[in-house]
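Let me begin by presenting the structure, written as structure tokens, before commenting on it.
The values are calculated or read from the model by the stated rules, or taken from the named source; none is laboratory data. Bear in mind the structure is a predicted one, so any value in this text is a computation, not a measurement. Backbone-built Cβ (ideal geometry, glycine too); neighbour counts: all protein chains shown. Keep in mind that these areas ignore ligands, DNA and RNA; they rest on the heavy atoms of the full protein, side chains included. Shrake-Rupley method; radii C 1.70, N 1.55, O 1.52, S 1.80 Å.
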Amino acid sequence: MTEPVKVLFVCLGNICRSPSAEGVFRSLVTRAGLADQIDVDSCGTGHWHIGKSPDARAQEAAQRRGIDISGLRARQFSSEDLDSFDYVLVMDRQNLADIKDIWHQNGGTEPALFLEYGNSEHQEVPDPYYGGDEGFEMVLDLIHQAGEGLLADIRGRLA
Ligand code: 4NP
């Protein structure tokens, strides 16, 4: 059997956007029957929340859509992730600049904005941390839509 395709979602804290993306995309992958062919993970560029559960608001918003992200724990991005993941997908331009700095030194998989796989007018997943619940709903809408596009891209790779 061939190696699974490995997907990494990256945000700043790894407690709001990227664990939500991990949970939503894993559920799309599972529903597509591809769980043994696609590995999904997430991390943050920052160190502040290492070891923490996703933000309670992110957990609740995901749960309202039947997705349980309570078991995820934050970890920090490492340059080795660029060697081990096939897709390194970031939430905003600041994440992109931070990871690109490391990529220029390290090589490996070039990071990209996750929403390049979506077809809305949004190019970034806005940071919901300092806002209200509607920000978390918008995060889920954007990542669900881009997740469908990403899954189609990976299917092409697996075919
Ligand atoms: P995330 O959101 O990058 O989507 O996990 C944030 C979480 C924490 C902070 C900022 C953004 N913070 O400043 O602590």
Looking only at region 5-158, where both bridge partners belong to it, what percent of the DSSP beta bridges are antiparallel (to the nearest 5)?
0
Give, rounded to the nearest 20 debye, the magnitude of the charge dipole that region 77-159 has about its Cα centre when Lys and Arg contribute +1 at Cβ and Asp and Glu contribute -1 at Cβ.
320
In debye to the nearest 20, the charge dipole size for region 1-62, taken about the Cα centre with +1 at each Lys and Arg Cβ and -1 at each Asp and Glu Cβ, equals 180
Could you work out [θ]222 nm for the chain from helices alone, using -39500 (n - 2.57) per DSSP H run of at least four and dividing by all its residues? Round to the nearest 500 deg cm²/dmol.
-13500 deg cm²/dmol
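If I compute solvent accessible area with a 1.4 Å probe over the protein chains, what percent of it on region 1-127 is carbon and sulfur?
Working: 2820 of 6180 Å².
Carbon plus sulfur share of accessible area: 46 percent.
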The chain, convex hull of Cα, quarter of hull surface, nm² -> 9.0
Unit charges at the beta carbon, dipole of region 81-150: most positive-side option, Y130, A146, W103
W103
Of E124, E22, E134, which has the largest mean-square fluctuation in a 10 Å C-alpha GNM of the chain?
E134
Relative packing of 100-112, 81-93, which averages over residues the other C-beta atoms within 10 Å, highest first:
81-93, 100-112
For region 9-28 and region 120-159, distance of Cα centres in Å
9
Counting only heavy atoms of protein chains, what accessible area per residue, in Å², does the chain have with a probe of 1.4 Å?
50
Percent relative contact order for the chain, counting Cα pairs under 8 Å at least six residues apart, stands at 26
Among 12-20, 48-56, the order from most to least packed when residues are scored by Cβ within 10 Å on average
12-20, 48-56
Is there a quick way to get the dipole size of the chain? I mean about its Cα centre, with the Cβ of Lys and Arg at +1 and of Asp and Glu at -1; what is the value in debye to the nearest 20?
320
